[in-house]
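The structure appears below as structure tokens.
The values are calculated or read from the model by the stated rules, or taken from the named source; none is laboratory data. This one's a predicted model, so the numbers in the text were calculated from it and none came from an experiment. Cβ coordinates were reconstructed from backbone atoms using ideal geometry, including for glycine residues, and neighbour counts include every protein chain displayed. For the accessible areas, the whole protein counts, side chains as well, though only heavy atoms, and no ligand, DNA or RNA atoms are used. Shrake-Rupley method; radii C 1.70, N 1.55, O 1.52, S 1.80 Å.
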Amino acid sequence: MRKFYAVPLALLGAGAATFGYASVIERNWFRLRRVDVPILAPGRPPVKILHISDAHLTPGRTRLIDWVRSLDALEPDLVVNTGDSVSHRDAVGPFLDALGPLLERPGVFVYGSNDFYSPIFKNPLRYIWRTSKSDYDRHRREPDLPYRELGSSLQTAGWLDLNNRIGRLKVGELDIEFGGIDDSHINRDRYDKIAGPVDPQADVHLGVMHSPEPRNLDRFTADGYDLLLAGHTHGGQVRVPFYGALATNCGIDRPRVKGLHRHRGAWLHVSAGLGTSPKAPMRFCCPPEASLLTLVPRQ
């Protein structure tokens, strides 16, 4: 009888240990991704962009709050937030506290679905064969999170709201043109509102979105944007060694679920994100991260 129970008990113990590691250790094992992006004209000085995404902040996540505040020491020239900042109705204040001195720097933002809708429990295995997009189509109608308060607070700090909007900022010596869209995952994207060729007088053109859906990536690229910034995927959140992400929860392919890649004539950076949904608080082989992108001259 001992042998009969040995294997199931060993598997149960291994599963419990893995869950404990994924939910307690790796979920709070924050990393900084550093990468150079060669899009500047020759002779231009480098510009540092801090890309943050998917904090899914809830009150009490002090380690995450403190780590994000510490990123100001990187002295970024620009902060880009690609959404899913909060996951609780009382999290706007803590999120602003997390940004802290970063709010004094030039910044831009778009929303993600979880800035509008509080998280609900879903079977995580479903992400392997479908995305969560239909959950909002069928069941979620009226937003129950204070996204307007979040947006107005960021705008008061001087950050640009890029939800279906075009904007412009002077960042260092660069004149940067931005095009942004609201979250396609919940059908709030309206690319037609920003459609058209980029202004050739701008030094750099950045496309900002939450979910990296190929149909929008194609339109940004066709309009002449140099660098596209997105989040949403959590880098897969759970990755299998030697295989990678099991799912992306959107239309992007698995090899480009996080990091810097090409998309036709543009560069694409997908953030693996800072957090997780409170209903699925774990990461495995995919630590939470922010990214420091340094724009450098083309070779």
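Here are a few things to note about the model shown:
- Test result for Asp175, farther than 28 Å from Leu57 by Cβ, open to solvent by 50 Å² or more (accessible area, probe 1.4 Å) and at pLDDT 95 or above: no
- Output for segment 250-272, where each listed residue is touching a Phe, Trp or Tyr at 6+ places or on another chain (Cβ under 8 Å) and more than 15 Å from Arg215 (Cα to Cα): Leu260, His261
- Residues that are in contact with a Pro (Cβ under 8 Å, 6 or more places away or on another chain) and open to solvent by less than 40 Å² (accessible area, probe 1.4 Å), drawn from segment 232-254: His232, Thr233, Gly244, Cys250, Ile252
- Residues that are in contact with a Pro (Cβ under 9 Å, 6 or more places away or on another chain), assigned to a loop (DSSP other than H, G, I, E, B) and free of Cβ contacts under 8 Å to residues at least 60 places away in the same chain, drawn from segment 144-184: Gly158
- Filtering segment 242-299 to residues that are part of a loop (DSSP other than H, G, I, E, B) and among the charged types (D, E, K, R) leaves Asp253, Lys258, Arg264, Lys279, Arg283, Arg298.
Condition check ((1) open to solvent by 50 Å² or more (accessible area, probe 1.4 Å); (2) over 27 Å from Arg105 (Cα atoms)) across all residues:
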site: Arg141; (1), (2): yes, yes
site: Leu145; (1), (2): no, no
site: Arg188; (1), (2): yes, yes
site: Gln201; (1), (2): yes, no
site: Val208; (1), (2): no, no
site: Arg219; (1), (2): yes, yes
site: Ala222; (1), (2): yes, yes
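- Scanning segment 156-168 for residues that are under 20 Å from Leu99 (Cβ atoms) and surrounded by fewer than 18 Cβ atoms within 10 Å (Cβ to Cβ) yields a count of 5.
- Residues that are in a helix (DSSP H, G or I) and either modelled with pLDDT under 95 or of a type in the set (S, T, N, Q) (or both), drawn from segment 210-233: Asn216, Thr221
- Among the residues here, Asp192 does not qualify as surrounded by fewer than 22 Cβ atoms within 10 Å (Cβ to Cβ), assigned to a loop (DSSP other than H, G, I, E, B) and charged (D, E, K, R).
- Residue list for segment 255-299, restricted to those being open to solvent by less than 30 Å² (accessible area, probe 1.4 Å), over 26 Å from Pro241 (Cβ atoms) and in contact with a Ser or Thr (Cβ under 7 Å, 6 or more places away or on another chain): His263, Ala266
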